Amino acid sequence: MNAINHAATALLINRKWPGVPIIPVFISVQVIEFIWVVLNIVGVETTTTEPVVRALNDIHLTHMPYSHSVVTAVIIAVAVWWVFSSVLNRPAWGVALAVGVLSHIILDIATHVQDIAISPWNGSAKLGLGLYSVPSLALLIETFYGVGCWWFFRGTRKLLAFIIVFNLAALSFYSLSIPGPEQFFAGRAQLFAAFVGVHIMVGLGGVGVLAHSRWRTLGSAKVLSYLLPESR
Ligand SMILES: [Zn+2]
């Protein structure tokens with residue numbers, strides 16, 4: 001799923017668990033993708049491309065059993081929940097951040113072609129509802145999802161514009177006939193991974209800034225109380 005729509009999921013989590021600071025929530029919704037970026041750049045996971053890349057479906061997420069598997073996501077989510085609930089005594093954080101982690105794999109299964117393994121040790125069976133096999137429909141549904149998150153959050157108009165523009169900026173990636181920067185990633189999958197890394201940061205940063213006035217959180221006060229336990 002487009003980075004902006006994973007970022008928009010943080011808006012839902014913030015609305016549901018307003019006391020949880022937004023930066024850990026941002027990390028939770030994209031931690032799986034951050035792992036994917038690093039593992040692709042170091043060559044542990046593999047992405048391949050067609051000789052000519054016209055759209056997203058010419059880029060194949062060939063081997064990503066560690067970052068994107070159902071079992072990996074569940075392990076990370078349970079670990080995060082346990083650390084925050086039991087060790088740090090922040091049960092609401094634990095639940096919210098675990099939901100953030102799981103949201104990523106759920107949204108990816110809903111959009112990807114069948115490229116998501118059930119576990120790192122079971123590479124054969126792959127999940128994915130295949131929305132990306134019809135890229136233009138994927139863009140439409142993804143954009144509606146991002147707008148839905150904005151609506152649920154009751155964000156500003158600037159935030160709405162950012163979510164829509166960020167989705168539409170990827171139009172060439174979702175269209176076989178519209179040329180765009182995706183063509184430069186033919187045979188350069190690691191460059192694509194680095195691009196995704198930057199894309200994630202820009203998406204999170206934009207949502208962070210434009211939703212700032214309406215975050216339902218105690219923000220810095222919460223972070224301070226975490227860093228300085230005696231102030232709890
Ligand atoms: Zn992903």
- Counting sequence-distant residues (5 or more places) and residues on other chains, those with an amide H built under 5 Å from that of V53 are A186
- Here segment 126-140 yields Karplus 3J(HN,Hα) values (6.51, -1.76, 1.60; θ = phi - 60°; whole Hz; Gly and Pro given as x) of 10, 10, x, 7, x, 4, 5, 6, 10, x, 5, 5, 4, 4, 4
- Task: Would you check the accessible area of K16, probe 1.4 Å, heavy atoms only, in square angstrom rounded to 10?
- Result: 130
- Message: Suppose accessible area is computed on protein heavy atoms with a 1.4 Å probe; arrange W215, W81 from highest to lowest.
- Response: W81, W215
- Query: Can you work out the base-10 log of I(q)/I(0) for the chain at q = 0.13, 0.17 1/Å, using the Debye formula on its C-alpha atoms alone?
  - Reply: -0.78, -1.27
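Once a ≥ b ≥ c are taken as the square roots of the eigenvalues of the Cα gyration tensor of segment 1-119, is the result rounded (a/c under 1.5), prolate (a/b larger than b/c) or oblate (a/b not larger than b/c)?
The shape class here is prolate.
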- With θ set to phi - 60°, apply the Karplus curve 6.51 cos²θ - 1.76 cosθ + 1.60 along segment 157-163 and write out the HN-Hα couplings as whole Hz, x wherever there is a Gly or Pro. 5, 4, 5, 4, 4, 4, 4
- The simple spin-label model distance between R15 and F184, using points 7 Å out along Cα→Cβ, in nm, is 3.6
- Protein-only accessible surface order, largest first, of Y132, Y66, Y145 at 1.4 Å: Y66, Y145, Y132
- Item | Helical mean residue ellipticity (222 nm; -39500 (n - 2.57) per DSSP H run of 4+; nearest 500) of the chain | -18500 deg cm²/dmol
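The values are calculated or read from the model by the stated rules, or taken from the named source; none is laboratory data. Treat the numbers as computed from the prediction; the structure is a model and nothing was measured. Because the Cβ atoms are built from the backbone with ideal geometry, glycine has one as well, and the counts that use them run over all protein chains shown. Surface accessibility is based on the protein's heavy atoms, side chains included, excluding ligands, DNA and RNA. Shrake-Rupley method; radii C 1.70, N 1.55, O 1.52, S 1.80 Å.
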